[in-house]
1. Considering only residues that are in contact (Cβ under 8 Å) with a residue 12 or more places away in the chain and over 30 Å from residue 151 (Cβ atoms), which ones fall in the stretch 97-109?
2. Going through 144, 115, 75, 158 one at a time, which residue ends up being within 26 Å of residue 213 (Cβ to Cβ) and touching a residue at least 40 places away in the same chain (Cβ under 8 Å)?
3. Select from the stretch 238-267 the residues that are over 18 Å from residue 310 (Cβ atoms) and in contact with a helix residue (DSSP H, G or I) (Cβ under 6 Å, 6 or more places away or on another chain) and write down the one among them that is surrounded by the most Cβ atoms within 10 Å (Cβ to Cβ).
4. Consider residue 157 against the criteria (1) at pLDDT below 95; (2) within 18 Å of residue 131 (Cα to Cα); (3) buried (at least 20 other Cβ atoms within 10 Å of the Cβ): it satisfies all of them except one. Which criterion is unmet?
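The values are calculated or read from the model by the stated rules, or taken from the named source; none is laboratory data. It should be emphasised that the depicted structure is a prediction, and the values quoted were computed from it without experimental measurement. Cβ atoms come from the backbone with ideal geometry, glycine included; neighbour counts cover every protein chain shown.
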């Protein structure tokens, strides 16, 4: 067997049972899990783009360094069914190798030692917990399907939506992008943002698991329910504003606010699809990047710059969608026409039957100058006044939901505790506003 090739027939029988094995986790997530010097985990990745996958031993070396240098990543080589990092000593199993360095207090390299393994986090799910059922749609990475997730120790099953990676075998960059969306969703906890349950990365296809919202995408719901009252439509816009206010408060940019990326069920609208989301308040889009032209702000079309005010522009387009039964914005125009017309000052007129305050708000959201657009909190305040709906106690709601989720998922972590003891970093519970 050549060096670096992985004997896949041994994976499920050995490593997957170990609490220190974290599957196809990218290095960006590793630094968020390891917080004490000497903590370590084992994962699988391509050492370099295009190379065969190998096991990687990731060790927090110096937590005072920047994130890139704080963790050392050692490729676990395999030759003739023997595993090794240094060629002077090899082992029958990765477990034997870990025990050799950890129990013997033996330095791997440059003072780097193994002190304690870190177990899987509550958001790292087993594929066996999840049952895939009907296909719901297609996304950038692959199919989205309805399914169920079984918390065996709690005796509870919940309905979920599962985003599945498209390719049978993803490359390093695809896994990185898939996990970036999951990493974003882990930070969020709000009644108007779709709930994140976790990711399953122990095998392929990768699963991103979230709550199943009963009526699906908002644009589809609007098309099927053209008789919705104006009051209900304004209430929907208020709920999106609450969700966007929360996202901007992190601070984050969603960068893809649209009716197709909102879900509706049980009287609530929830913002979803965080594939384009970025941390911070500004983002420069890379040249030749695909973008949702019909929802792009004029300055983004011209300069490729995104800000929280460009999200507000997109929200203004969503206002048009909600009052036009989920129709595609700029009807009759091609994307090229939209870019040209918007750059020249054209704006879609607000729906004539919308309340006057909502018409004015929609126009303000699509103002030429970003500084003339309202903030998300201002939008929410205006719509609270229009609807007479009081603002819920989002912090209390988010805390309760996060505690319930943590309680259910803690059972998953306990499934591994009897196999091999490791350290479990205290889970981060999303905070509401």
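1. Of the stretch 97-109, the ones in contact (Cβ under 8 Å) with a residue 12 or more places away in the chain are 97-98, 101-102, 108-109.
Result: 97, 101, 102, 108, 109.
2. On the way: 144 fails: touching a residue at least 40 places away in the same chain (Cβ under 8 Å); 115 fails: within 26 Å of residue 213 (Cβ to Cβ); 75 fails: within 26 Å of residue 213 (Cβ to Cβ).
Of the residues listed, the single one that is within 26 Å of residue 213 (Cβ to Cβ) and touching a residue at least 40 places away in the same chain (Cβ under 8 Å) is 158.
3. So the first thing to find is which residues in the stretch 238-267 are over 18 Å from residue 310 (Cβ atoms), and the list is 238-239, 242, 263-267.
So of that shortlist, the ones also in contact with a helix residue (DSSP H, G or I) (Cβ under 6 Å, 6 or more places away or on another chain) come out as 238, 242, 264.
On the way: 238: 23, 242: 28, 264: 22.
The selected residue is 242.
4. (3)
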